[in-house]
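Shown next, in structure tokens, is the structure this report addresses.
The values are calculated or read from the model by the stated rules, or taken from the named source; none is laboratory data. Being a predicted model, the structure only gives us computed values, none of them experimental. Remember, those area values only see protein heavy atoms, side chains included, never the ligands or the DNA or RNA. Shrake-Rupley method; radii C 1.70, N 1.55, O 1.52, S 1.80 Å.
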Amino acid sequence: DRLLKIAIEIDRVEGYSEPHAIAIARMAEKIGARMGLHGIDLTALKFAALVHDVGERAMKRNYLLRPGTLSWEETLDLWRHPILGEQAAGELKLSRQTQLLVRWHHEWWNGGGYPDGLAGEAIPVGARILRAVDSYFAFISNRPHRERFDRTEAEQIVADLAGIEFDPQVVKMLLQVLADERASEATFAYPTTTGHEA
């Protein structure tokens, strides 16, 4: 309950009009389970997803809600938020594993991310899942600096960044989960009937 309240507060700080962190946590947990995470590893991922941007809450920066692109100075400042998030997760008494997932959720598969420039499998799988899922949900959300992409566009952007920003295996799993959810929604919306009604 405490983490859910913090997640909602972080969404507000970042300018999300719909639940962002909670949606990420649900999707990350599904992908993590499909990729073989369980027990404390899956719990760490779920908790990290809920508070992944807690560092932005700690920073209290007005530019997060301002339309338009960030200046270079603001971008450099924002790059500090995973480190501050790691510290905040420690203050919340979350596990060391959760703290590190928060720290590394902006690392890129090709080493171009921040704060530590990790690459490939040097990035824990939980952080790789968070990177892709966080980005996807950001793409389909209205942000202060841009309108949302539709889901097809967002999926294409994620697919195009596989092997660059995102772990290709995570992208494959994310797109599969999204396809499964769409199929499930379609089945629920348009039930097929066999036989005759009485």
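Assorted remarks:
- Solvent accessible area, Å² - Val51, 1.4 Å probe, full protein context: 0 Å²
- Debye log10 I(q)/I(0) at q = 0.11, 0.17, 0.18 Å⁻¹ for segment 10-142, Cα point scatterers: -0.35, -0.88, -0.99
- Rounded if a/c under 1.5, otherwise prolate or oblate - segment 29-70, Cα gyration tensor axes: prolate
- Accessible area in square angstrom per residue, segment 29-111, 1.4 angstrom probe: 51 Å²
- Per-residue SASA entry for Phe139, accessible area with 1.4 Å probe, Å² rounded to 10: 40 Å²
- In a fully extended conformation the segment linking Asn62 and His38 would gain 4.8 nm over its present Cα-Cα distance, using 0.36 nm per residue.
- Rounded accessible area of Ser184 (nearest 10 Å², 1.4 Å probe): 70 Å²
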